[in-house]
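Report on the following structure.
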Amino acid sequence: MDLDKLLEIGNQCIHLEPPTCVASCPVHMDILAFVSEIEKGDFAKAYKIMENKIPFSRLIGKICDHPCENTCVRKNLGGSIHISELEKTVIALGYVAPKKPFPLPKTKGNVAIIGGGLSGCVAAVELDKKGYKVSIYEKTNRLGGSLWAYEGKGLEKQAIEEELSTIENKGMKVFYNTEVSEENLHSYKEKYDALYLGTGVWSKAYDINPYSFQVEDSSLFVGGKLQTKNDSVIFSASSGKRVAVSIDRYINKTSMLASREREGIFETKLDFNTTHVMPLKRVEKTLQTYSENEAIEEASRCLKCQCNECINACVHMQRFSITPDSYIRSINHNERIILGTHHANAMINACTQCGLCKVVCPVGIGMKEIIHETRQSMVERGKMPVSAHDFALKDMQFSHSDYFSLVRKQPSKEASKDLFYYPVIAFSAYARGLYKGSGKTGYLFYPGCQLSSTHTEYIGDIYKHLVGAIKDKDADNDVGLYLGCCGAPADWAGRLDLMPESVEKIRKTWEEMEEPTFILACSSCAATFEKYLPMIKTISLWEVFEKYGLPEVDIKKGKRELCIHDACATRHDSKVHESIRSIVKTLGYSVEELEYSKEKAKCCGYGGLVACANPEQAKDFVEDRKHESEHDVLVYCAMCKDMLVKGEKRAYHILDLIYGQEQDQSSSQKMPTLSERQNNRKHLKQTLLKEIWKEETMSADETYTFTLRISDDVKELMEKRFILVGDIEKVIDNAIKNKERFFNPKTSDYLARLRLQNVTYWVKYEENGNEMTLKDAYSHRMEVVEH
Amino acid sequence: MKQEMDTTTLWMCDKCHEALVLQKVHVRYLEGSFEVELLKCPTCKMVFISDELAMGKMLEVEKGLEDK
């Protein structure tokens, strides 16, 4: 994993990019924080924030020419936030006299400030703070220069005097009535380590560096009006501050220009999205300044411009309160750490890899690919927590096994001839389809493992419908069937080592069958095929339904309204979105479009195996989704339905509508348990073989001498702990056969354990003849050495 | 791994009909390996792990080791 490249992507994130007001403030006051404190009513804290960036803020805050207001995003949405007025109120309500300064030794160098006007005073104070011995040469008998022009026009004499007196209180030396000129400047140059020229007017026009304000590479620096060439108070103050930085660097012999691109005003990369912002009129002051309440109200109009597009849309980022900038730094740290805890593991395994962040990001940063690459790297380095995806990967192995995996060509004409008689042939499109059998598999129906697990009853009907409908229009191409798993769980888990097992088998089958088009019913299969099997032509079952017709259904117009939860894996597949909507409308339902639909689809929480690795995070996704609409949800991914129904949101798979299985609204919905899902797959294979291919198979079910009784409570516990009925049976079977169990004489319960692969399962049960009643089930991965 | 369970129990070994005794047991997971005191059958050595221990402290230690 190229971590340097990754960090570069992180640096492109504009989450921390300042708002336009801060970028256009020459001293970069933290206006967001300032306004937020006012909103909270904490005027003292708001004043502290001003003081942080604005020198002599008690004065400048009242006379600042506020360039920030010109660029405010609210400008055309009710009027710019009245920052200048807010500053006045904050000074009135939050000003606290500074504590008596503690004199620090000034040992870093001697600096002369020529001109005790605003910029000179600012430069002096800043340099004093940095530890320089500062001397000010002022031609008049007082400091402040142009500040005095505001006396009685915004500033009071007493305030000006008090603020300026701090300079001498701090121990700086002021030489009043001392005029320095171009002619005697050299003598100051000899005496001081650096000079600051801030006199407003000067006899010689120096050529100054636009970033450092330095004259060539000399010890002379020019600021204030001589540099800004305007009368702006805040630009003058900024100039003084920037010169102080330059002089410090000059005396310390560090780079004069490094990392200074964003001093003064600059252009922010933030382009705040105002799509959902309603105009709100500026609060007018009733007296000379805003009252406390007026200020709070005005502050509350501030949009607090910050790019939060991804985190606003994603509950995963919300749970970890993280945006790509900090997320990527965490991944970088997690990847580089050698000794110690990998704290970001849990977060990395809680991303559904749905891709929504990239769609909403103004600069196009997507975490999906980054998370995928990170998980892959964790696996390769042996740092992926085993427990995170173990169950899902074992379940995938089950799908790969002979219990489920099945490939069949369309039943041949020869084998189906007992169907070719009247009236069957007249009424059954399926029989007619078989009759037209060509022997060439043009299509392979691939329902996928999850649909087969949870909507088992539809698979055979869909297959027969496909044979009938496709052969009717396209006699050359037979329709075969392929049960299996595409390998999406391995992809999500970063287990690229397991991908070939899934993908190679599919590719070989495809080649052997002379490259049929795969009909896919699962959006995750479609994504996996696109990524790992790009040579295979695929089409969604929904597009096939649209093209060749729906199974015969009872269509009544004027059915209710449903909201569509698009599958996140289809985000960029507009054909699927259109087919689904068209089918839903054909079936007589009306559609409510959610804000997050189609390319902005939100994940149900199953994606990226989050339901397995972090069930709490998965729940957040469902909660987020279920409150988006009052209507019941229509989905077309089996996992979406599973997640929503488990989250107690009524949801229908589009097949439920097609086959008229939309239950009445009073009965509760239920999804099969993890064990039932495996059994369903097993039985689906047997049923299809028997009913369609007339092949009798041995029952694949294990038989035991006992039966199990499992209460709903224990069932729920087993689901939460990812324990299968099959595991329980093995434990009890071993306990009975080998007497490997504990007995509790008081309750007459047994407690047995058995290690299956990398997990030890424990079962507490009561024995009543052949019936075992389960009391508890738990497991651990830790190995206990028994000897 | 600090032991957090009863030092006595009603459970007894069904095969050996023995009361369980507290003894040092070796447990291991990934790179971690510990000695802990657990209840076991003195004859067949089968070790008793309760739900609370498995889903509590043991799970915590497993997760800790997985993140190492």
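The values are calculated or read from the model by the stated rules, or taken from the named source; none is laboratory data. Note that the coordinates shown come from a computational prediction; the quantities given were computed from them, not determined experimentally. Cβ: placed from backbone, ideal geometry, glycine included. Neighbour counts: every protein chain shown. To get the accessible areas, we keep the full protein, side chains included, count just its heavy atoms, and leave off ligands, DNA and RNA. Shrake-Rupley method; radii C 1.70, N 1.55, O 1.52, S 1.80 Å.
Things worth noting here:
- Matching residues, region A:613-632, being modelled with pLDDT of 95 or more, in contact with a His (Cβ under 9 Å, 6 or more places away or on another chain) and open to solvent by less than 20 Å² (accessible area, probe 1.4 Å): A:Q617, A:F621
- Restricting attention to region A:313-331 and to residues that are surrounded by fewer than 21 Cβ atoms within 10 Å (Cβ to Cβ) and either modelled with pLDDT under 95 or in contact with an Asp or Glu (Cβ under 9 Å, 6 or more places away or on another chain) (or both), the residue that is nearest to A:I91 (Cα to Cα) turns out to be A:Q318.
- Any helices (runs of 4 or more DSSP H) falling wholly within region A:451-515 and containing at least 1 residues that are closer than 23 Å to A:Y435 by Cβ and within 41 Å of the chain's Cα centre (by Cα): A:456-473
- Top-ranked residue in region A:733-761 [being polar (S, T, N, Q) and assigned to a loop (DSSP other than H, G, I, E, B); ranked as farthest from the other protein chains (Cβ to nearest Cβ)]: A:Q757
- Annotation note: Cβ proximity below 7 Å between a residue of region A:377-403 that is more than 19 Å from A:A611 (Cα to Cα) and a residue that is among the hydroxyl-bearing types (S, T, Y) and crowded, with 19+ Cβ neighbours inside 10 Å (sequence gap 6+ or interchain) occurs for A:H400/A:S502.
- Single match in A:K413, A:K464 (criterion: in contact (Cβ under 8 Å) with a residue 12 or more places away in the chain and surrounded by fewer than 18 Cβ atoms within 10 Å (Cβ to Cβ)): A:K413
- Residues in region A:352-386 that are within 14 Å of chain B (Cβ to nearest Cβ) and either more than 15 Å from A:A493 (Cα to Cα) or surrounded by fewer than 18 Cβ atoms within 10 Å (Cβ to Cβ) (or both): A:R381, A:G382, A:K383, A:V386.
- Cβ-Cβ under 7 Å pairs, at least 6 apart or on other chains, region B:48-68 side over 12 Å from A:T760 (Cα atoms) and within 7 Å of chain A (Cβ to nearest Cβ), far side outside any loop (DSSP other than H, G, I, E, B) and open to solvent by 50 Å² or more (accessible area, probe 1.4 Å): B:E66/A:V386
- Some residue of region A:681-699 being open to solvent by 30 Å² or more (accessible area, probe 1.4 Å) and at the interface with chain B (Cβ under 10 Å from one of its Cβ atoms): no
- Which numbered condition A:G442 fails, given (1) in a helix (DSSP H, G or I); (2) touching a residue at least 12 places away in the same chain (Cβ under 8 Å): (1)
- Among (1) surrounded by 13 or more Cβ atoms within 10 Å (Cβ to Cβ); (2) under 32 Å from the mean Cα position of the chain (by Cα) - the single one A:I251 does not satisfy: (2)
- Residue count for region A:267-283, restricted to those that are open to solvent by 40 Å² or more (accessible area, probe 1.4 Å) and touching a residue at least 60 places away in the same chain (Cβ under 8 Å): 11.
- Residue count, region A:561-583 (criterion: out of contact with any helix residue (DSSP H, G or I) (no Cβ under 8 Å at 6 or more places or on another chain) and not in a helix (DSSP H, G or I)): 2
- Taken together, A:V35, A:V27 contain a single residue that is crowded, with 21+ Cβ neighbours inside 10 Å and part of a loop (DSSP other than H, G, I, E, B), which is A:V27.
- Filtering region A:754-783 to residues that are closer than 17 Å to B:L39 by Cβ and open to solvent by 30 Å² or more (accessible area, probe 1.4 Å) leaves only A:K764.
- Residues within region A:378-409 that are in contact with a Cys (Cβ under 6 Å, 6 or more places away or on another chain) and among the small types (G, A, S), tallied: 2
- When each of A:V201, A:V134, A:V111, A:V122 is tested for being of a type in the set (V, I, T) and over 15 Å from A:A244 (Cα atoms), the lone residue that passes is A:V201.
- Of the residues A:K730, A:K720, A:K764, the single one that is within 12 Å of chain B (Cβ to nearest Cβ) and free of Cβ contacts under 8 Å to residues at least 40 places away in the same chain is A:K764.
- Between A:V553, A:V576, the distinction of being touching a residue at least 24 places away in the same chain (Cβ under 8 Å) and under 19 Å from A:Q450 (Cα atoms) belongs to A:V576 only.
- In region A:585-596, the qualifying residues are those that are open to solvent by 20 Å² or more (accessible area, probe 1.4 Å) and without any contact (Cβ under 8 Å) to a residue 60 or more places away in the chain, and the one that is farthest from the chain's Cα centre (by Cα) is A:T586.
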